[in-house]
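Asker: Here it is: the structure, laid out below.
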Amino acid sequence: MAGAAERPFDLIAMGRAAVDFYGEQIGGRLEDMSSFAKYLGGSAANTAVGSARLGLRVAMLTRVGDEHMGRFLHETFIAEGVDISHVKTDPHRLTGLVVLGIKDSATFPLIFFRENCADMGIEKTDFDADFIGSSKALLVNGTHFSKREIDSVCRHAMALAKERGTRIVFDIDYRPVLWGLTSHGLGEERFIASDRVSAHLQSIVPHCDLIIGTEEEIHIAGGTTDTRGALVKLRELTKATLVCKRGARGCIVFPDVIPSNLDDGIVHPGFPTEVFNVLGAGDGFAAGFLSGWLRNSSLLDAGKFGNACGSLVVSRHGCAPAMPSSRELAAFLDRSETITRPHDDPQIVHLHRTTTGRTHRPRIFSLAFDHRRQFADLAGTNNGDARIGKFKRLMARALLAMPPEHSGAIIDDRYGFDALTDVTGTGRWLARPVEAAGSRPLEFEAGLNLQPALRTWPAEHVIKCLVSYSSHDPFELQEVQNEMLLTLQDAVFSTGHRWLLEVIPPDFEADPGLVVSAVEELYRLGLRPDWWKLPPLSDDEAWAAISEVILRHDPQCGGVVVLGYEKPQPELFAAFESALRSGSAIGFAIGRSVWRQPAADWFAGKIDDASAIDQISRQYRAVLNGWLVSDSRPT
């Protein structure tokens, strides 16, 4: 058997995996909420995501339904870096759902839709001893002992863990409604005394190495509402390290004898954080504590990590999405005495947005055909819209025949909506323009309805904005454009999208330094795009300066994609090489240099659909090969 240090996983999380529908209206009854945000949820799944964000190697052991919500959980686990080799698709049960709301700092109505749900259908054949033994620890939670069949499966997993030297972590995770102690409408109830439940939990704890619970959960497990009495009872039953979560007061850890004064345990105080939403905070605490415990940190440090993660989660909407990354946690701990509202702290907000919940794309290669005026000119006024839409679908077909990692796209929704929907959901990087074509000063196609319009966009659509911007522009023009860009960034952050800012200064070809100064000024304005799209400069000094500006202002930036600007291939490839030498360029978004001639011939009736697709494919592949060849050369 491999030693613990050699095991491929730090943690296997077994149990609840559901979809949370969080009400977006704050301060009202669940009955009055009219729109909901959709997130991954469920205690075990939340802890799995939180642990993965903190750098642990995590696998999930659960089931999901054979439907859209199950696929959503699969895809979210993958994006978060959680292994799904043992996330089975149940052919009969539906994925569990939870509807939640935030009324005030103490009231969080929720309804569990878990009748015969998929995650309660885990079977012993879904895993084996080798899998359980591949991890340092197995996490089980209380809900999965509430029904006889799944209780048996969890105990089997625990027995295999004991056999293979895998430590067992028990999150008490007490929800009275899931033990049949309340009506469905009282899902938020956290504690109801039950001798039956206490006796059941007490049959589990002797087999555990670490037990985590709130004071109420310690009470139900210990069979008394006297906290010390409950802890003493648990200590009689188990040698496990006991962790008592105390909300804003932090946590106490008891590795051995329970002292007469509980504060003589290993105490880590809580962080002074304004509470917005307590749901998921316990799972965040568990992830933080485990990130220390599984790395052999001191119990005091593990408690500190747990408290910090819990504090960050209580300040946000959602459970799994609220979990911090390791970078974010470190930044919070560096300044925790001065941060009481993490959701308002610019550094923490930016780190959370850029280091969590996003599929990392080290390279972006895309065909840009979001052009509107140019296609209108090509098509003329006779039935132009329909023909433009048809041609854009041909370009989408050309891309869909290529590997997803090499065939992203930028497509508009005015003429290219059908092409946009063809590419959506295929795993490709996909962006969509928001600017009114050719506007200077910048205007948006949605006008004043920008944020409502962006809320209708699929989450995977990257918001792309082209602005003609120069530090030499008149003050009045800069002021208008700055206001529009800040409005856009607010809308982007509010809707949770990512965004690409394309900057083309007038006269940049005569003075490449204008691109550098534009990026610098936009950073000083407070803009933090996920990516930049910049002109094809064949100027090493300018690219080096751009890289320095990006690294200084935003080390989390995804990098620069190079636009084509209709450059002939030799000039374009020279620009690629120069951009790559800077270290900031990660790909290209090329348009007219690929499709202009095939489009002109197709609209003129000189070539058919198949020829258009073939020519676009060949031209695009030539550009892609040019990049790949440039990228393989020594810098």
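Asker: Has region 86-103 got any residue that is surrounded by fewer than 18 Cβ atoms within 10 Å (Cβ to Cβ), assigned to a strand (DSSP E or B) and either of a type in the set (A, V, I, L, M) or at pLDDT 95 or above (or both)?
Answerer: yes
Asker: Tell me which residues, restricted to region 224-262, are of a type in the set (K, R), part of a helix (DSSP H, G or I) and buried (at least 18 other Cβ atoms within 10 Å of the Cβ).
Answerer: Within region 224-262, just K233 meets the criteria.
Asker: Only one of (1) at pLDDT below 95; (2) assigned by TED's automatic domain parsing to the domain that holds F170; (3) touching a helix residue (DSSP H, G or I) at 6+ places or on another chain (Cβ under 7 Å) is not met by M33, so which one is it?
Answerer: All conditions pass for M33, except number (3).
Asker: So L551 fits all but one of (1) touching a helix residue (DSSP H, G or I) at 6+ places or on another chain (Cβ under 9 Å); (2) at pLDDT 95 or above; (3) not polar (S, T, N, Q); what number is the exception?
Answerer: Among (1) touching a helix residue (DSSP H, G or I) at 6+ places or on another chain (Cβ under 9 Å); (2) at pLDDT 95 or above; (3) not polar (S, T, N, Q), L551 violates only (1).
Asker: For region 295-304, state whether one or more residues are farther than 26 Å from P206 by Cβ and crowded, with 19+ Cβ neighbours inside 10 Å.
Answerer: yes
Asker: To continue, here is another question. Please specify each residue of region 116-137 satisfying the condition of being closer than 13 Å to A18 by Cβ and crowded, with 23+ Cβ neighbours inside 10 Å.
Answerer: Listed by number, the residues that qualify are A118, D119, M120.
Asker: Can you tell me which residues in region 590-635 are free of Cβ contacts under 8 Å to residues at least 40 places away in the same chain, among the aliphatic types (A, V, I, L, M) and over 20 Å from P568 (Cβ atoms)?
Answerer: Within region 590-635, A604, I607, A610 meet the criteria.
Asker: If the requirement is being within 30 Å of the chain's Cα centre (by Cα) and of a type outside the set (D, E), which of these qualifies: H144, H207? Break it down into steps so the answer makes sense when it comes.
Answerer: Working: H207 fails: within 30 Å of the chain's Cα centre (by Cα).
Unique residue meeting the criteria: H144.
Asker: Mind listing whichever residues of region 444-471 are part of a loop (DSSP other than H, G, I, E, B) and either surrounded by 13 or more Cβ atoms within 10 Å (Cβ to Cβ) or touching a residue at least 60 places away in the same chain (Cβ under 8 Å) (or both)? Before the answer, list the steps.
Answerer: Restricting attention to region 444-471, the residues satisfying the condition of being part of a loop (DSSP other than H, G, I, E, B) are 445-446, 455-461, 468-471.
Listed by number, the residues that qualify are E445, A446, R455, W457, E460, H461, S468, Y469, S470, S471.
Asker: Any idea which of R387, R393 is in a helix (DSSP H, G or I) and modelled with pLDDT under 95? So that I can check it myself, show each step before the final result.
Answerer: Values: R393 fails: modelled with pLDDT under 95.
Exactly one of R387, R393 is in a helix (DSSP H, G or I) and modelled with pLDDT under 95, namely R387.
Asker: R528 fails exactly one of the following numbered conditions: (1) buried (at least 19 other Cβ atoms within 10 Å of the Cβ); (2) among the basic types (K, R); (3) closer than 27 Å to N625 by Cα. What is the number of that condition?
Answerer: Here R528 clears every test but (3).
Asker: If only one of G247, G265, G288 is in the same structural domain as D345 (by TED's automatic domain parsing), in contact with a helix residue (DSSP H, G or I) (Cβ under 7 Å, 6 or more places away or on another chain) and of a type in the set (G, A, S), which one is it? Before the answer, list the steps.
Answerer: Details: G247 fails: in contact with a helix residue (DSSP H, G or I) (Cβ under 7 Å, 6 or more places away or on another chain); G265 fails: in contact with a helix residue (DSSP H, G or I) (Cβ under 7 Å, 6 or more places away or on another chain).
On inspection, the qualifying residue turns out to be G288.
Asker: A further question follows. Conditions: (1) over 24 Å from L231 (Cα atoms); (2) touching a His at 6+ places or on another chain (Cβ under 6 Å). L160 meets all but one. Number of the miss?
Answerer: Single failed check for L160: (2).
Asker: While we're here: Kindly establish whether F289 is buried (at least 16 other Cβ atoms within 10 Å of the Cβ), closer than 30 Å to V99 by Cβ and of a type in the set (F, W, Y).
Answerer: On the way: buried (at least 16 other Cβ atoms within 10 Å of the Cβ): yes; closer than 30 Å to V99 by Cβ: yes; of a type in the set (F, W, Y): yes.
Considered against the rule, which asks whether it is buried (at least 16 other Cβ atoms within 10 Å of the Cβ), closer than 30 Å to V99 by Cβ and of a type in the set (F, W, Y), F289 comes out as yes.
Asker: Give region 499-518 a look and list any residue that's in contact with a strand residue (DSSP E or B) (Cβ under 6 Å, 6 or more places away or on another chain) and not aliphatic (A, V, I, L, M), or say none.
Answerer: Correct list: W499, E502.
Asker: Out of all the residues in region 327-337, is one or more of a type in the set (D, E), within 20 Å of the chain's Cα centre (by Cα) and part of a loop (DSSP other than H, G, I, E, B)?
Answerer: Within region 327-337, the subset of a type in the set (D, E) is 328, 334, 337.
Filter again for within 20 Å of the chain's Cα centre (by Cα), leaving 328.
Cutting the leftovers down to part of a loop (DSSP other than H, G, I, E, B) gives us none.
The answer is no; no qualifying residue exists.
Asker: List every residue pair whose Cβ atoms lie under 8 Å apart, where the two residues are 6 or more positions apart in sequence or sit on different chains, the first residue falls within region 396-409 and is more than 17 Å from G591 (Cβ to Cβ), and the second residue, located anywhere, is assigned to a strand (DSSP E or B).
Answerer: Cβ pairs passing all conditions: E405/F365.
Asker: Scan region 568-581 for residues that are of a type outside the set (K, R), more than 15 Å from K533 (Cβ to Cβ) and not in a loop (DSSP other than H, G, I, E, B) and report the count. First the steps, then the outcome.
Answerer: Quick first cut of region 568-581, residues of a type outside the set (K, R) only: 568-580.
Filter once more, so that each one left must be more than 15 Å from K533 (Cβ to Cβ): 568-571, 573-574, 577-578, 580.
Next, only the ones that are not in a loop (DSSP other than H, G, I, E, B) stay: 569-571, 573-574, 577-578, 580.
Total satisfying the criteria: 8.
Asker: Okay, next question. Is it true that some residue in region 428-439 is crowded, with 23+ Cβ neighbours inside 10 Å, assigned to a helix (DSSP H, G or I) and modelled with pLDDT of 95 or more?
Answerer: Scanning region 428-439, I find no residue that is crowded, with 23+ Cβ neighbours inside 10 Å, assigned to a helix (DSSP H, G or I) and modelled with pLDDT of 95 or more, so the answer is no.
Asker: So, one more: Can you name the residue in region 591-631 that is among the charged types (D, E, K, R) and part of a helix (DSSP H, G or I) and is also surrounded by the most Cβ atoms within 10 Å (Cβ to Cβ) among such residues? If you could, list the steps in order and put the result at the bottom.
Answerer: Looking only at region 591-631, we keep the residues that are among the charged types (D, E, K, R), and these are 592, 596, 601, 606, 608-609, 614, 618, 621, 631.
If we keep only those that are part of a helix (DSSP H, G or I) as well, we get 592, 596, 601, 609, 614, 618, 621, 631.
Working: R592: 17, R596: 15, D601: 15, D609: 13, D614: 14, R618: 12, R621: 15, D631: 15.
Only one residue fits best here, namely R592.
Asker: If we scan region 450-457, do we find a residue that is aromatic (F, W, Y), at pLDDT 95 or above and under 26 Å from the mean Cα position of the chain (by Cα)? Please lay out each step first, then the result.
Answerer: Narrowing region 450-457 to residues aromatic (F, W, Y): 457.
Within this subset, residues satisfying the condition of being at pLDDT 95 or above are 457.
Add one more test, that the residue is under 26 Å from the mean Cα position of the chain (by Cα), and what stays is 457.
Yes, because at least one residue in region 450-457 is aromatic (F, W, Y), at pLDDT 95 or above and under 26 Å from the mean Cα position of the chain (by Cα).
Asker: Given the conditions (1) out of contact with any Lys or Arg (no Cβ under 9 Å at 6 or more places or on another chain); (2) at pLDDT 95 or above, which single one is not true for C251?
Answerer: (1)
The values are calculated or read from the model by the stated rules, or taken from the named source; none is laboratory data. Just so it is clear, the structure is predicted and the values come from calculations on it, not from any experiment. All Cβ positions, glycine included, derive from the backbone under ideal geometry; neighbour counts span all protein chains shown.
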